[in-house]
Amino acid sequence: MEGIAGYFTALGLSTAAGLNAYIPILSVGLLSRSTDLIDLPAPWDALGDPLVLGIVGVVGVADFIGDKVPIVDHVLHAIGLAVAPIAGGLLALASASAFDLDPGVAAGVGIAAALATQVGRTAARPVATATTGGGGNPVVSFAEDGVSGILSVTAVFWPVVTAVLAVLVLVAVFLLWRKWRQLRSRFRSRDVPVG
């Protein structure tokens, strides 16, 4: 059962990384450094290093603030298309090492979950911008941060709950992405001259 729970932890942390790459990294690093809940073997114990935590914290605060500002958030999401899968893969590999999982499978799950979540998030934000004039972006961003935090915590304490939550997030992301494609198609069809 521990192996399956380890994969659930990797899935939860990676899905959280797709919503906000810095929250799960900080969560794992802080829990590893200050509690016995997470025991990361080398080289993953570096996530708890004060310098690493400080750098991730500073970049995380800048991202947290920037993600609340329309247009800046879109730039950050484009950057996140590279950052999120890397963070998801790293968190999954750390989980693989901590739980003695197959690193290839764990990394694949981590990269795919983080990328899928980030792609959906990137696609959904323009819909929020268009429908609210940018006023809803901070609310959406706070919700993403909150879900990322919940997934990060439950991944450590309740991996099975995390697996269910991660699947729900991934389904919601897929549905939002589909809705965005439909809206985009509608707008494009209006631009096409009839003749």
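I'd like to check which helices (runs of 4 or more DSSP H) are fully inside region 95-195 and have at least 3 residues that are out of contact with any Phe, Trp or Tyr (no Cβ under 6 Å at 6 or more places or on another chain), without any contact (Cβ under 8 Å) to a residue 60 or more places away in the chain and not aliphatic (A, V, I, L, M).
It comes to 103-132, 159-191.
List every residue pair whose Cβ atoms lie under 7 Å apart, where the two residues are 6 or more positions apart in sequence or sit on different chains, the first residue falls within region 70-94 and is at pLDDT below 95 and surrounded by fewer than 23 Cβ atoms within 10 Å (Cβ to Cβ), and the second residue, located anywhere, is acidic (Asp, Glu) and part of a helix (DSSP H, G or I).
76/63
Identify all residues within region 100-147 that are small (Gly, Ala, Ser) and at pLDDT below 90; write none if there are none.
Listed by number, the residues that qualify are 120, 123, 124, 128, 130, 133, 134, 135, 136.
What residue, among those in region 1-30 that are crowded, with 24+ Cβ neighbours inside 10 Å and polar (S, T, N, Q), is farthest from the chain's Cα centre (by Cα)?
9
Could we say that residue 56 is within 15 Å of the chain's Cα centre (by Cα) and touching a residue at least 40 places away in the same chain (Cβ under 8 Å) here?
The answer is no for residue 56.
The values are calculated or read from the model by the stated rules, or taken from the named source; none is laboratory data. Everything numeric in this text was worked out from a predicted model, so none of it was measured. FYI the Cβ positions are ideal-geometry reconstructions off the backbone, even for glycines, and counts take in every protein chain you see.
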